[in-house]
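The structure under discussion appears below in the form of structure tokens.
The values are calculated or read from the model by the stated rules, or taken from the named source; none is laboratory data. This is a predicted model, so every value here is computed, not measured. Here Cβ is always computed from backbone atoms with ideal geometry, including for glycine, and neighbour counts include all displayed protein chains.
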Amino acid sequence: MQQIKPKCRLYRGSIAIFDALGTKALWDKLPAHKLMTLYKSVESKAKRDSIMSQSIRNTSNGPTLETGFLFFSDTVAIYAFCRDDNAPDEWVQIQTIYDVVGRTSLLLKEAALNKPPLMYRGSIAYGELLVDPPFYLGNAAIEAARFFEKAECGCVWLTPDTANIYDSLKNKQPELDECLIKHDIPLKNAPERLDVSEPITEPSYAVNLLYAVEQHHRCDVLECLAKSFGENPTGSQLRKRNNTLDLFNKLGQ
């Protein structure tokens, strides 16, 4: 008897989960309809990039990736997974990570150029994944959700396990080097930690939102990033701004 595969099952893939920093300040500053317009603008650009990505994938050789995005208020999920069980693991890892990192970079750039600019923080994970909008399941989704608020920085970065996978693949996909930058990601200090003079960091890779920006426009993007944290940030908001500018000034060099 032929075995029937269940329709609802896990596949191999990557997912980015990230949300906007400073949402409360925006809510206090903007009328609801303007904030809605701002988020819808980001959503429309994400949809455009997902359609373009899917079109490119469908015209290339090899297995097809299923790609897309999900929005919930100021939170975004961008995903790619492969339903073909015969596709080599290495191929799926390279293609899904590259797809998610590339589309995340484009969305972050567009969000930074909005008026007012939006800065996002989150993480990207690879593993088992099933996306059936509006639901996403699997250890990749769990890992991304576990890390997406840990950074004291406006960036989207590879979770530790996914960074290890990337380390083993980066020589085989040179394009990924342009989309990611190696960086010690500053993490939030634990509340019980008394000595905060030395920040906690995690060696990893951050998505390069300047990847698709021409060199002469990069200063404009960095200026928008600084403005996304407000005019006079203090406390954790100031630390996040300084950490973010430290990262992206490195990118602009």
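General remarks:
- Subset of segment 70-103 (residues that are small (G, A, S), more than 13 Å from the chain's Cα centre (by Cα) and either in a helix (DSSP H, G or I) or crowded, with 24+ Cβ neighbours inside 10 Å (or both)): none
- Residue match in segment 120-137 (condition: assigned to a helix (DSSP H, G or I), out of contact with any Pro (no Cβ under 7 Å at 6 or more places or on another chain) and in contact (Cβ under 8 Å) with a residue 40 or more places away in the chain): no
- Test for E143: is it surrounded by fewer than 21 Cβ atoms within 10 Å (Cβ to Cβ) and either among the aliphatic types (A, V, I, L, M) or in contact (Cβ under 8 Å) with a residue 12 or more places away in the chain (or both): no
- Residue list for segment 146-169, restricted to those being surrounded by fewer than 16 Cβ atoms within 10 Å (Cβ to Cβ) and either touching a Lys or Arg at 6+ places or on another chain (Cβ under 9 Å) or without any contact (Cβ under 8 Å) to a residue 12 or more places away in the chain (or both): E149, N164, D167, S168
- Whenever a residue of segment 175-187 is closer than 12 Å to F248 by Cα and charged (D, E, K, R), its partners that are modelled with pLDDT of 90 or more and buried (at least 16 other Cβ atoms within 10 Å of the Cβ), lying with C-beta atoms within less than 8 angstrom and at least six residues away or across chains, give the pairs K182/S204; K182/Y205.
- Positions within segment 104-134 being crowded, with 24+ Cβ neighbours inside 10 Å and at pLDDT 90 or above, in sequence order: T104, Y120, G122, S123, I124, A125, Y126, L129
- Within segment 230-248, the residues that satisfy the criterion of being closer than 13 Å to C155 by Cα and of a type outside the set (K, R) are N242, N243, T244, L245, D246, L247, F248.
- Checking I97 against (1) modelled with pLDDT of 90 or more; (2) among the aliphatic types (A, V, I, L, M); (3) out of contact with any Ser or Thr (no Cβ under 8 Å at 6 or more places or on another chain), the condition it does not meet: (3)
- Qualifying residue in segment 12-27 (condition: modelled with pLDDT under 85, out of contact with any helix residue (DSSP H, G or I) (no Cβ under 9 Å at 6 or more places or on another chain) and assigned to a helix (DSSP H, G or I)): yes
- Of all residues making up segment 156-172, the number that are within 19 Å of Y79 (Cβ to Cβ) and under 17 Å from the mean Cα position of the chain (by Cα): 9
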